[in-house]
Amino acid sequence: MEHRLVLHAFAEDPDVLTAALRVARHSFQGLGLDVSVQVVVQGGAVRGLVANSAYQDDLLTTIAGSGVDVLACSNSMERIGVGAEALLPDVGTVPAAVTYLTQQQWAGAAYVRI
């Protein structure tokens, strides 16, 4: 049985990504191979998910090396003017972070806010 962990990185400051990605990597390693880890980014922090951001190397390494999925809230992207084409490769989107997180929790995922 695969277990799921969703980490909610909700902040206006993209620096929250540093902690969220570190927690995601450690969780993936510590919880074992039967876990999927997602980082759902909401608020102004989605600015950190774009190409050439200060977080680009950490994001790409985490996504490729850990099997962690990173998802941006489309509502937040629209609010701050970040288009999907600006996101780093392999960063996904969800229409609304709160709706997505609720659906994941109702389906049995563990939830942690960063």
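The values are calculated or read from the model by the stated rules, or taken from the named source; none is laboratory data. It should be emphasised that the depicted structure is a prediction, and the values quoted were computed from it without experimental measurement. FYI the Cβ positions are ideal-geometry reconstructions off the backbone, even for glycines, and counts take in every protein chain you see. Ligands, DNA and RNA are excluded from the accessible area calculation, which covers all protein heavy atoms including side chains. Shrake-Rupley method; radii C 1.70, N 1.55, O 1.52, S 1.80 Å.
Centroid-to-centroid, using Cα positions, region 7-26 and region 77-109 are 14 Å apart.
Assuming a ≥ b ≥ c are the square roots of the Cα gyration tensor eigenvalues, decide whether the chain counts as rounded (a/c under 1.5), prolate (otherwise, with a/b larger than b/c) or oblate. Oblate, because a/c is 1.5 or more while a/b does not exceed b/c. Derived scalar couplings between HN and Hα for region 88-99 equal 4, x, 6, 8, x, 9, 10, x, 8, 4, 5, 4 Hz in order, rounded to whole Hz, by the Karplus curve 6.51 cos²θ - 1.76 cosθ + 1.60 (θ = phi - 60°), x for Gly and Pro.
Between GLN105 and ASP13, take the C-beta separation as r, use R0 = 22 Å, and let me know the FRET efficiency to the nearest 0.05. Present the calculation step by step, with values, prior to reporting the outcome.
Values: r = 25 Å, r/R0 = 1.13.
That gives a FRET efficiency of 0.30.
Under the criterion of Cα pairs below 8 Å and six or more residues apart, the relative contact order for region 33-79 equals 53 percent. To the nearest ten degrees, helix 16-31 and the longest principal axis of the Cα atoms of the chain are 20 degrees apart.
Per atom type, the chain shows carbon and sulfur on 53% of its accessible surface, probed at 1.4 Å.
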